[in-house]
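Derivation of every value follows stated rules applied to the coordinates shown; laboratory data play no part. Just so it is clear, the model here is predicted, and its values are computed rather than measured. Neighbour counts run over all protein chains shown; Cβ positions are idealised from the backbone, glycine included.
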Amino acid sequence: MALINCHFFSDVLGLSTSMTVILPQQTTTQIGMQNQKSGEKRKTLYLLHGMSDDDTIWVRRTSIERYVAPLGLAVVMPQVHRSAYTDMVYGNRYWTFLSEELPQIARSFFPLSDRREDNFVAGLSMGGYGAMKWALRKPDQFAAAASLSGGVNRAKKRTDRNRDHFLAFGDTEVAGTENDLFWLLKQCDAADGSKPKLYQCCGTEDFLYEDNVLFRDACRQTNLDFTYEEEPGTHEWGYWDKKIQDVLAWLPLQA
């Protein structure tokens, strides 16, 4: 596998930013790794970080490079700071960067497939929200999406003036908008065309568990292909290192 820390300029953001990329490499003598390649254009997982993290965190906290090696799967991990994967009211246009500019730039640098059936998105916590939002708003871009301990309920009434929520969404109502996963779920379910497979997991001791149960129940009321898993666990990397392996096993890589 090749591990690349890529610095580049974003026209959407108007600044230099970064992404960490894992690329498949076919090897025969590397000890302890079973590396595979998947055609000339690589199948790709966009893997999103949480609120307190950056584009390097999945490589630093899990064995994601080792897990994807035998799958021939490329992984693109972008940097979005504390943006909630949103065109922020008080901040930058991270949603436009993520959903429009990033795939084009990544494919111009690396041999990544642009076929819907070869593209997947997943994330943890804030990144779980971002992954679901991306797939539900752009179902023509992804075959599957996964949320690990996702902050999925951005539309709930807030009793506190959360700084990060305010910077991303301001005083605007999230419910019933394209930033509301529950609303997006209904729109995607009712729309024509291909629908992404969805996977959701959350630890039963996680502080986001109740919100995840609400989203699980909403998903179960649709006709979407939906998988949900829960088990004892909190909001921590031991849980996510384990569950990302389950996500990789679930991905429709043979399509």
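Identify the trypsin sites (Lys or Arg not before Pro) of region 103-191 meeting these criteria: DSSP loop state and at most 14 other C-beta atoms within 10 Å of the C-beta.
Those that pass, being in a loop and sparsely packed, are 115, 156, 157, 158, 161.
If the elastic network links every pair of Cα atoms under 10 Å, which of 128, 193, 150 fluctuates the most in the Gaussian network model of the chain?
Ranking 128, 193, 150 by mean-square fluctuation puts 193 first.
How would you classify region 65-151 from its alpha-carbon gyration tensor, with a ≥ b ≥ c the square roots of the eigenvalues: rounded for a/c under 1.5, else prolate if a/b is greater than b/c, otherwise oblate?
prolate
If you bin the C-alpha pair distances of region 1-131 every 10 Å from 0, what whole percents do you get?
All Cα pairs considered, the percentages come to 13, 45, 33, 9, 1, 0.
Rounded to whole Hz and in sequence order, give me ³J(HN,Hα) for region 12-18 from the Karplus expression 6.51 cos²θ - 1.76 cosθ + 1.60, θ = phi - 60°, writing x for Gly and Pro.
5, 7, x, 7, 7, 9, 8
Quick one: Karplus J couplings for region 41-53, per residue in order, coefficients 6.51, -1.76, 1.60, θ = phi - 60°, nearest Hz, x for Gly and Pro?
Here the 3J(HN,Hα) series is 9, 7, 5, 9, 10, 8, 10, 9, 8, x, 5, 8, 10 Hz.
Taking just the alpha-carbon atoms of the chain, what radius of gyration and Dmax come out, in angstrom?
Over the chain's Cα set, Rg and Dmax evaluate to 17.3, 57 Å.
Expressed in nm to one decimal, what extension gain is obtained for the pair residue 54 and residue 178 from 0.36 nm per residue of sequence separation less their Cα-Cα distance?
Between residue 54 and residue 178, full extension yields an extra 42.2 nm.
Over the chain, with a Gaussian network built from C-alpha contacts below 10 Å, which listed residue (210, 231, 65) shows the highest mean-square fluctuation?
Largest GNM mean-square fluctuation: 231.
Using Cα springs under 10 Å in a Gaussian network model of the chain, which residue among 139, 111, 24 shows the largest mean-square fluctuation?
Looking only at 139, 111, 24, the largest GNM fluctuation is found for 111.
Scanning the chain for chymotrypsin sites (Phe, Trp or Tyr not before Pro) in DSSP loops with at most 16 other Cβ atoms within 10 Å, what's the longest stretch left with none?
Here the longest run is 91-206.
Which entries of 41/242; 41/156; 43/156 show an alpha-carbon separation above 30 angstrom in the structure shown?
Checking Cα-Cα distances, 41/156; 43/156 exceed 30 Å.
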